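To start, the structure itself, in structure tokens.
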Amino acid sequence: MSQQTSEEALITPLFSSETIQERVEEMGREIAKEYRVATRNSPLAVVAVLKGAFMFAADLLRAISLPCTIDFISASSYGSEKTSSGKLTLRHTLSLADRHVLLVEDIIDTGLTMQVLTREVMEMKPASLKICTLLDKPHARKHPVEIAYTGFMVPDTFIVGYGTDYNERYRELPAIGVLRS
Ligand code: IMP
Ligand code: MG
């Protein structure tokens, strides 16, 4: 990782900034290809999950060469660390009726967040809904989710950087790594 801090010794590099950019551009091209016809009348509604997906969404949007709108939904579990309590607080001002929606997430772990968000968005009666995640931890899944676009598969470890955090730290890092316990 490019920033040199003593804390960085705690992070094992996984994906470099260049590797991430290449993959995000590939994903953008694939998404643009699939939504070209669907978005002829109305722009693709990209909905990014705060805070983790902010950086990925910003890069992804620039890689999708189609008319898009961007909105944000905040989903936080109680406490400073992720818990499996199953309690999520959602905050948003979305209205997505008849829109083609792409939910953009940083990382899918147990699947709970995406399951709750999918339900929330479906209640708004979108024209379609697909999920796009930069990272997928398939071995941690407890709640099944259908993912349309995945950047990288990651092992069941704790990931930080490029938007993802540990207690609000490391989001600013341009690369992705594994936080050693
Ligand atoms: P899920 O609800 O268990 O799928 O967890 C998804 C959310 O937990 C993501 O939006 C992340 O914010 C957070 N999360 C899960 N795993 C990690 C990780 O390894 N690093 C950082 N955040 C994570
Ligand atoms: Mg998140």
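The values are calculated or read from the model by the stated rules, or taken from the named source; none is laboratory data. What you see is a predicted model; the values in this text were computed from it and never measured. Ideal geometry is used to build each Cβ from the backbone, glycine not excepted, and the neighbour counts take in all protein chains shown.
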Taking only pairs six or more apart or across chains, which ones have beta-carbon atoms under 7 Å, a first residue in region 148-160 that is in contact (Cβ under 8 Å) with a residue 40 or more places away in the chain and over 11 Å from P138 (Cα atoms), and a second residue that is within 10 Å of ligand 1 (Cβ to nearest atom) and of a type in the set (F, W, Y)? V160/Y166; V160/Y170
With (1) away from ligand 1 (no atom under 11 Å from the Cβ); (2) under 15 Å from the mean Cα position of the chain (by Cα); (3) buried (at least 20 other Cβ atoms within 10 Å of the Cβ) as the list, and I176 as the residue in question, which single condition is left unmet? (1)
Which of (1) of a type in the set (S, T, N, Q); (2) in a loop (DSSP other than H, G, I, E, B); (3) touching a strand residue (DSSP E or B) at 6+ places or on another chain (Cβ under 7 Å) is the odd one out, the single condition S76 does not satisfy? (2)
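Okay, residues lined up against (1) modelled with pLDDT under 95; (2) in a loop (DSSP other than H, G, I, E, B):
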{"position": "E81", "(1), (2)": "yes, yes"}
{"position": "S85", "(1), (2)": "yes, yes"}
{"position": "T93", "(1), (2)": "yes, yes"}
{"position": "A97", "(1), (2)": "no, yes"}
{"position": "V101", "(1), (2)": "no, no"}
{"position": "P126", "(1), (2)": "no, yes"}
{"position": "T133", "(1), (2)": "no, no"}
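Assess whether K142 counts as being of a type in the set (K, R) and in a strand (DSSP E or B). Walk me through it before giving the result.
Values: of a type in the set (K, R): yes; in a strand (DSSP E or B): no.
Here the answer is no, as K142 does not meet what is asked.
Sort out which residues of region 19-66 are of a type in the set (K, R) and within 21 Å of G111 (Cα to Cα), and write them in order of number. I'd like the intermediate steps shown before the answer.
Here is the first cut: in region 19-66, the residues of a type in the set (K, R) are 23, 29, 33, 36, 40, 51, 62.
Selection gives K51 alone.
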Given the conditions (1) away from ligand 2 (no atom under 12 Å from the Cβ); (2) in a helix (DSSP H, G or I), and given that M114 satisfies all but one, which numbered condition is not satisfied? (1)
